[in-house]
1. Out of the strands (runs of 3 or more DSSP E) lying entirely within segment 193-279, which hold 3 or more residues that are hydrophobic (A, V, I, L, M, F, W, C) and away from the ligand (no atom under 16 Å from the Cβ)?
2. Would you call Ala289 within 30 Å of Val146 (Cβ to Cβ) and in a helix (DSSP H, G or I)?
3. Checking the conditions here, which among Ala20, Ala31, Ala7, Ala75 is closer than 15 Å to Ala109 by Cβ, out of contact with any strand residue (DSSP E or B) (no Cβ under 6 Å at 6 or more places or on another chain) and at pLDDT 95 or above?
4. Checking Gln86 against (1) more than 12 Å from the ligand (Cβ to nearest atom); (2) under 22 Å from Val243 (Cα atoms); (3) part of a helix (DSSP H, G or I): exactly one of these is not met. Which one?
5. Can you find, within segment 120-139, the residue that is farthest from Ser173 (Cα to Cα) among those that are part of a helix (DSSP H, G or I) and in contact with a Ser or Thr (Cβ under 9 Å, 6 or more places away or on another chain)?
6. From the set of residues in segment 94-122 that are away from the ligand (no atom under 12 Å from the Cβ) and under 24 Å from Val195 (Cα atoms), which is surrounded by the fewest Cβ atoms within 10 Å (Cβ to Cβ)?
7. Which residue, of Leu125, Leu62, is within 27 Å of Gly231 (Cβ to Cβ), near the ligand (Cβ under 10 Å from one of its atoms) and touching a residue at least 40 places away in the same chain (Cβ under 8 Å)?
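The values are calculated or read from the model by the stated rules, or taken from the named source; none is laboratory data. Predicted, not measured: the structure shown is a model, and the values here were computed from it. Here the Cβ is made from the backbone with ideal geometry for all residues, glycine too, and neighbour counts use every protein chain on show.
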Amino acid sequence: MQQTDVAVVGGGLAGLTAAAELARLGVKCTAFTGPAPGGLLLSIESVEGMPEHPEGIPGYDLCPMAQEAAMDAGAEFINDDASALQPDGDGWIVTSPEGSVRARAVVLAPGAHLRPLGVPGEERLAGKGVSHCASCDGPLLRGKPVAVVGGGDAACQEALTIAAHASEVHLISRGPLRARESWQQRVRAQPKIQVHEGARVTAIEGDNGVEAVTLADGRTLPVAGVFAYAGLLPNTGWLQGVVELDADGRIPVDGHMGSKQPGLFAAGFARSGNNGQAAEAEADGKAAAEAAHKYLNT
Ligand SMILES: Cc1cc2nc3c(=O)[nH]c(=O)nc-3n(C[C@H](O)[C@H](O)[C@H](O)COP(=O)(O)OP(=O)(O)OC[C@H]3O[C@@H](n4cnc5c(N)ncnc54)[C@H](O)[C@@H]3O)c2cc1C
């Protein structure tokens with residue numbers, strides 16, 4: 001079995017930053033990144049709110065830069081999902097289909113996935129107009145009406161990305177928009193976007209592709225695509241029973257990203273209290289790496 005000092009689980013900004021920082025600190029680090037490193041931001045046209053990129057930066061530039069920084073620093077990569085974690089004496093064993101790694105400490109940064117709407121038609125029409133990637137599938141819907149579901153930053157951001165391609169965008173939010181003011185202003189200033197606040201999608205219709213969405217108030221909106229950004233769920237199901245999780249399925253930590261179990265740290269969206277912003281994912285990754293480094297030396 002491969003031995004390492006610290007195993008990092010997660011290939012988003014939190015995990016990649018932790019791996020880079022650990023390697024820079026001279027720690028032997030092995031990062032399980034999943035098959036496509038980059039995380040949620042990989043397909044985003046302009047990641048906003050990062051102090052070092054005040055004008056915004058495409059996620060498809062930012063994420064590879066973070067990966068390159070970790071590789072240049074000397075972190076090792078396993079491009080596979082970790083599927084199990086178990087304690088082993090004073091360390092931990094992380095398992096993936098590619099094999100197992102024994103580490104003295106582990107930084108858990110598995111991030112999140114988009115919450116499904118859970119309505120009829122969603123699964124059946126996935127890839128046939130139901131999408132989670134505005135920049136990939138927006139161009140395929142050029143000149144057609146689409147629906148974006150959600151009322152937060154991500155929904156507003158992606159509605160604007162799709163508006164560059166679609167004929168009209170129905171932004172459907174269960175309650176009032178809750179995105180930060182700057183996103184709301186931009187959405188309301190885009191004439192192609194119609195905001196439906198207090199509206200709920202109950203079904204996605206269509207035979208071989210999306211043709212319409214039905215709303216709880218009985219209306220049917222003809223659309224050719226549906227993009228759902230209705231919240232995030234942490235990728236922590238595989239940790240149940242091994243790591244303490246809070247009611248939302250996230251990992252509680254102390255002020256130094258340490259979990260209740262020795263040698264186990266958490267970073268990014270998967271840790272309790274993380275605010276879901278890219279800059280905080282990076283800051284978490286750095287803090288968890290420093291704490292894991294300190295743990296190895298005490
Ligand atoms: C549409 C959208 C737009 C957004 N735009 C912005 C923005 O403009 N500005 C901003 O600040 N924030 C934005 N965010 C929020 C931002 O994406 C998150 O805060 C950030 O991605 C969290 O980083 P993370 O590393 O914790 O998780 P993630 O980005 O989710 O990365 C986790 C990674 O770990 C991998 N992984 C999961 N499980 C395992 C496992 N078992 N083994 C190995 N790897 C695993 C995943 O495949 C993924 O690659 C946006 C989010 C969305 C959904």
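1. So the answer is 201-205, 212-215.
2. Here the answer is no, as Ala289 does not meet what is asked.
3. Every option except Ala20 fails the conditions.
4. That leaves (3) as the condition not met.
5. Step by step, filter segment 120-139, then rank; the result is Cys136.
6. That would be Gly118.
7. Only one candidate qualifies: Leu62.
Matching residues to (1) within 6 Å of the ligand (Cβ to nearest atom); (2) in contact with a helix residue (DSSP H, G or I) (Cβ under 8 Å, 6 or more places away or on another chain); (3) at negative phi; (4) in contact (Cβ under 8 Å) with a residue 12 or more places away in the chain:
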| site | (1), (2), (3), (4) |
| --- | --- |
| Val9 | yes, yes, yes, yes |
| Leu13 | yes, yes, yes, yes |
| Glu21 | no, yes, yes, yes |
| Gly26 | no, no, no, no |
| Pro35 | no, no, yes, yes |
| Gly39 | yes, yes, no, yes |
| Met50 | no, yes, yes, yes |
